[in-house]
Structures are given as structure tokens and as C-alpha cells.
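Shown next, in C-alpha cells, is the structure this report addresses.
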Amino acid sequence: MTFAEKRKKTLRLMKRNWLLYVFLLPAVLFIVLFKYGPMYGLQIAFQNYSITKGFSGSEWVGLKWFIKFFESPRFWVLLKNTLTLSLYSLVVGFPIPIILALVLNNVKGVKRKKFAQTITYMPHFISTVVLVGMISAFFSPSSGFVNTLLSYLGGSGDTYFMGDPSYFSHMYVWSGVWQEAGWGSIIYMAALAGVDPTLHEAAMIDGANKFKRIIHIDLPTIIPTIIIMLIMRCGSILGVGYEKVFLMQNDMNIAVSEVISTYVYKLGLINRQYSYSTAVGLFNNAINFTLLVIVNKAAKKISGSSLW
Amino acid sequence: MENGMMSVKRAQKIRQRHTWDDILFEVITKLLLIFFVVIVAYPIYFIIVASFSDPVYANNGSILLFPKGFTLMGYERVFEDERIWIGYLNTIIYTVSGTALGTAVVLLAGYAFSRKDLPGSGILMKLFIFTMYFSGGMIPLFLVVNEMGLVNTRWSVILLGCVSVYNIIIVRSFMANTISDELMDAATIDGCGNGMFFFKIVLPLSKAVIAVMVLYIAVSYWNGYFNAMIFLTDTDKYPLQLFLRQILLMATQSGSDLNLIQQDPELADQLATSAQLVKYGMIVIATAPIICLYPFVQKYFVKGVMIGSVKG
């Protein structure tokens, strides 16, 4: 087909399917306004932005805000807090759904399996506000049952788990595991459903016990899924969500609980330092995006599985 | 024949040898499963039991399995609080309108993207997907919404939560796999245009994915608080989750409370414990609709994850 013919065909298709462009219009509008609009607004990270002057009237200041952020003592504290939470979440939160999926996959009896799935998926539907409310009720020093139980076991019984900085990361990570492990196992369950049963039969005849079969048959089948999930997790290594951290923060744990995203929120929307906080947010997003690209490339080379 | 007999016998022998390994394995997986289920279920169960119990027992650890000192006081107090009613009403408004709008936009876009004969849709999809991995961030978004005059309007909450690229991808994958080219060709020959084909044939065949979308979007509206916290200033527009945040997490001791503790520590203690009971009741009231509905529609949620996990 020549170039002219191709163009003619394209035009014919566009004309015939014009209605489909209308179908796309609302979504495109949304993406342009609320996704690409803010990306255009990222320029204020390099400006001394004021609302009255707008994007075009504000003066350019180059990398001033970035330098200010890197030189401030806060930078290292924020980076350390963010990395602590995300790496701890990764190390604990990544393998547990896989183990859960392998366990669920070996449950005999449809009803029993369904019951276990229903229960373990359930916390996913609890809102962040309620989750944090539950934590603070259970772990309250004056009225929470955890402290009461600990005092029976010989503990002091008045530990302020939500206030003591040394407990913060544990509370954050393990409550996250509690909420999301079940839901996270679904994707591995789906992959496990694709395991060829004849492989298991053959291995059984060769004398492999169940544990060996899981290691040598089930696990290799879900490796591509594991890699994809791992890439996604690595891409958000600095992306500790503000929603839960923000709700768990208080004056006593703020030294360890302030992460980059909550700092951006306070700096920007409470203190109204628009340019500075946009610069901090942009630094965060740029690192995340770069990490994602690098990890994805590496995964593609090593294992052949990748996001794109 | 003899050979076959031999191998069956050998297999039996091997199976016997490994029976003990497998029994051990069975025991370990069973224990693990029970452990997972109990750990997940117990906190939820405790909240429900505690919300019906005398707060004194809930706090001193003497109710672990069954309600004690049955009372409905917590719920009475919850329903007396008018913030709960305002919040519930607002959340229903946001959830219903946002879900209707979001589902419509996502279905239309997902269908258009599922068609292979639409010039330009490939590059457009890439531009959509890019926004999943890179965003302008919180402050520029706030400024854009402010510029549009949407700050402190209900539209800010409704519009910002309604479209997600991930949902569009789920719809696209589903429709690309369900609606065959032959079906499309047959309909075209019968004189069926794109619009009629979508509404008369595609939608009726897509009931499962419509259910997935409605549920996903509705849950995200029901549980979300952050957009509302950023964009709303009037409390009469607050969704339930923001009021919950006030009641569950921001109830700090005020000056009068401190006075009371000095004058009458016993009464202050009672007030604190009954406040705890109200919290348990509130958690149940706010979460019950979703948790009760969810087991019946679980298969749709799971289906959504399955479709979304198919690459491409």
C-alpha cells in the first residue's frame, strides 16, 4: 500500500467512526483538564508564583526551590522517613500476599475456600479513616483492649502506641498488611489458576511431595506476575501515600511520620507556599518515574517480563 | 501389561513414602489459613461486639468473644449526632452522581479504545497511560481546580473522582475480548451504525464489566476523604468520611475536659469510655453498607482484578 492509499484509508476510517471520537471526548476532556492541566502547572516549581500574577506573570527563579529543599535539614529527615516506610512495606507487604495465595490455592473444598477469601478480602473495603480510627481505638493507652491484654501478659499496659515514634512504622506497615494482603493475593490466585494440572500429576508420579511441587511448579508459573507487581512497587518507592500517613500523624510522632507527600500538602495548602511545595512534589514524582523506567528496563532484560 | 502393573505399584509405594510429608504440609497450610482468617476477622468482629456492649467491659478486656452488658446506647448517641445525617446524605449524593457519571465516561471511552479500526487511538491510550505513572502533583491540581472556580463546590468532589485510566483499561480489555469482529461485521451489514451497535449490542453483552465499574467507582467515592478535605471548606458539604475523621481522630481533650478530670475524675473517665462506645458504633454505621453488600458482589470485584491483570 502506498502512502497516499494509507492516508485515504485512515481518513475513511475516521469518517466512518466519527461517533467513536465523540465517545472518547468526555474522558479526553477529563484527562486534559485534571491530568495534563496540572502538568502544565508544574512550571510554577521554577517560578516565584503568586495567584494574582498567574502562570505567565510570575517571575522565573530557575532551580531556587529545589536547591532550597536539598539544602534544608528537613530534606534528609523526609527522605529517611519516606524510605523507611516504603521499604519496610515492600519487604513485609510484598511476600505475604504470595504466601496467602499459595495457602488459599491448596485449600480443599469450594465452600471453605470461598469463606476464607471473603474474610481476607474484606478489610480492603474499609476506608482509611475508619482503619486509622480502629487502630487508635484498639491501641489507646486508656481504653484500648491491646494494652489491657498486654498488662495481663506482664506488660506495662499504658504504652501509647500511636504517639511513641518507635512504634509508628510498625503500626503503619502491619495495618497495611492487615488491610491489603487478602486483596493483593487475588492477582496471584488468578495466575495460579493457570497452572497445568498434568504437571502436578506427572510430578506426583515422579515422587515429588506437595511442598516440592509448589516450589517447582506453582511458583515458577506465577513468577512473571510477581515481577510485574514488583516493578509497580519499585516505581512508587518514594510514593508513600499521604492518605493514611496523614491520618496517623500527631504532634508526638511527627519526627518520624512526616513524609514527602504530607510535607507537600502542608507546605502548599496550609502554608500557601505554592512554588516551593510544587518543587518538592515534582522532585518526588520525577524520582518515582525514573525508578519505574529503570526497574522496568532491568526486568525486561533479565526476565522478559515488563510493564511496557 | 506387566510393565503397567509395575509402574502403578511403584507409584503407590512412592505415594506412601510421601504421605507423611503431605500430611505435615496439610497441617501447616491449615494452621496458616486459620491464622490468616482469625487475624483478619477478629478486629472487625471485635468492633461489632464492642459496639453493642457496655463500654466498661469493652475497655477492660473482658469481652473477647461475646457482647457483655448489652446496650444500644452507642447507636442512640450516633443517631443523635446530626453530623452523621449530613455526612450520610452528602456521601450518597457524591456516590450516586459520581458513579453514574464515571461509569458512563469509562464505558464510552473503554469501548472506543477497544476498537482496532480507530485511527489515533493507540497514541491517545499511551497519553492516558502516562498519567498513571506521572502526575502534576497536588498543588498544581489545586490551582487548576481553583482556576475553574470549582473549589468548595460539590462538583470538585464529583468530577475529580470519576475517571480513572485503570478503569478504562479494564473496560477496554473486557470489550476487546467479548465483542468479536465478526459480530461487528454482521451488524454493519445489517445497517447497524456505531451508536446503535454500542447501545443495542455491546452494552447488553457487557453487564459483568458494568457491574465491576459501578462497584469500583462507588466504593472509591464512599471511602474517599482526601479530595473533599482539600477542596471543600463548608462543613455542610462534607462527606461522611470527613465527619468520621473529626469524631474518630480529632477528638482531643478540650480545656473543660481537663477541668473535669481535676474536679471529678470518675465522671471524666465515664465520659471518655462512653465516647469510645460512640466511636465503635460510628465505625459500624459507616462501614456496614459496604461490608454487608460486598459478599454478594464479591465475584465482580475479583473479576475486575482478573481483567485488569491481563497485560495490554
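Where helices (runs of 4 or more DSSP H) sit wholly within region B:82-192, those with at least 2 residues that are at pLDDT 90 or above occupy B:82-114, B:121-133, B:138-147, B:154-160, B:165-178. Is it fair to say A:I31 is under 18 Å from A:R272 (Cα atoms) and touching a Ser or Thr at 6+ places or on another chain (Cβ under 8 Å)? Criteria not met by A:I31. Among the residues making up region A:147-169, those that are open to solvent by 80 Å² or more (accessible area, probe 1.4 Å) and not hydroxyl-bearing (S, T, Y) are A:L153, A:D158. Annotation: of all residues in region A:132-158 being more than 8 Å from chain B (Cβ to nearest Cβ), outside any loop (DSSP other than H, G, I, E, B) and in contact (Cβ under 8 Å) with a residue 12 or more places away in the chain, the one that is nearest to A:F168 (Cα to Cα) is A:I135. Of all residues in region A:1-37, those that are closer than 19 Å to B:M196 by Cβ, open to solvent by less than 30 Å² (accessible area, probe 1.4 Å) and of a type outside the set (S, T, N, Q) total 3.
Filtering region A:195-218 to residues that are closer than 23 Å to B:S309 by Cβ and within 11 Å of another protein chain (Cβ to nearest Cβ) leaves only A:I214. Could you go through region B:126-149 and let me know if any residue there is closer than 23 Å to A:R16 by Cβ, among the charged types (D, E, K, R) and either outside the structural domain of B:I285 (by TED's automatic domain parsing) or more than 22 Å from the chain's Cα centre (by Cα) (or both). Within region B:126-149 (the criterion being closer than 23 Å to A:R16 by Cβ, among the charged types (D, E, K, R) and either outside the structural domain of B:I285 (by TED's automatic domain parsing) or more than 22 Å from the chain's Cα centre (by Cα) (or both)), the answer is no, since none of the residues qualifies.
Of the residues A:N284, A:N296, A:N253, the single one that is in contact with a Pro (Cβ under 6 Å, 6 or more places away or on another chain) and open to solvent by less than 30 Å² (accessible area, probe 1.4 Å) is A:N253.
Okay, residues lined up against (1) in contact (Cβ under 8 Å) with a residue 24 or more places away in the chain; (2) in a helix (DSSP H, G or I); (3) open to solvent by less than 80 Å² (accessible area, probe 1.4 Å):
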site	(1), (2), (3)
A:K68	yes, yes, no
A:W76	no, yes, no
A:L83	yes, yes, yes
A:V103	no, yes, yes
A:V107	no, no, yes
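When region B:221-247 is filtered for residues that are closer than 16 Å to A:Y242 by Cβ and not charged (D, E, K, R), the ones remaining, listed by number, are B:N223, B:G224, B:Y225, B:F226, B:N227, B:A228, B:M229, B:I230, B:F231, B:Q241, B:L242. Here the helices (runs of 4 or more DSSP H) wholly within region B:196-312 that include at least 1 residues being of a type in the set (V, I, T), at pLDDT 85 or above and touching a helix residue (DSSP H, G or I) at 6+ places or on another chain (Cβ under 8 Å) are B:207-223, B:226-231, B:265-309.
What do you reckon, is A:F115 open to solvent by 10 Å² or more (accessible area, probe 1.4 Å) and either assigned to a loop (DSSP other than H, G, I, E, B) or within 11 Å of another protein chain (Cβ to nearest Cβ) (or both)? The answer is yes for A:F115.
Can A:I237 be described as assigned to a loop (DSSP other than H, G, I, E, B), more than 8 Å from every other protein chain (Cβ to nearest Cβ) and within 26 Å of the chain's Cα centre (by Cα)? So A:I237 fits the description; yes. All conditions but one from (1) open to solvent by less than 10 Å² (accessible area, probe 1.4 Å); (2) more than 9 Å from every other protein chain (Cβ to nearest Cβ); (3) in contact with a Phe, Trp or Tyr (Cβ under 7 Å, 6 or more places away or on another chain) apply to A:S275; the one that does not is (2).
Only residues that are open to solvent by 20 Å² or more (accessible area, probe 1.4 Å) and either over 17 Å from A:L33 (Cβ atoms) or facing chain A (nearest Cβ under 8 Å) (or both) were counted in region B:155-178, giving 9. Across region A:194-221, the qualifying residues are those that are in contact with an Asp or Glu (Cβ under 9 Å, 6 or more places away or on another chain) and in a helix (DSSP H, G or I), and the one among them that is most open to solvent (accessible area, probe 1.4 Å) is A:F211.
The values are calculated or read from the model by the stated rules, or taken from the named source; none is laboratory data. Here the structure is a predicted model, which means the values were calculated and not measured. Ideal geometry is used to build each Cβ from the backbone, glycine not excepted, and the neighbour counts take in all protein chains shown. We work out accessible area using only protein heavy atoms, side chains counted, and drop any ligands, DNA or RNA first. Shrake-Rupley method; radii C 1.70, N 1.55, O 1.52, S 1.80 Å.
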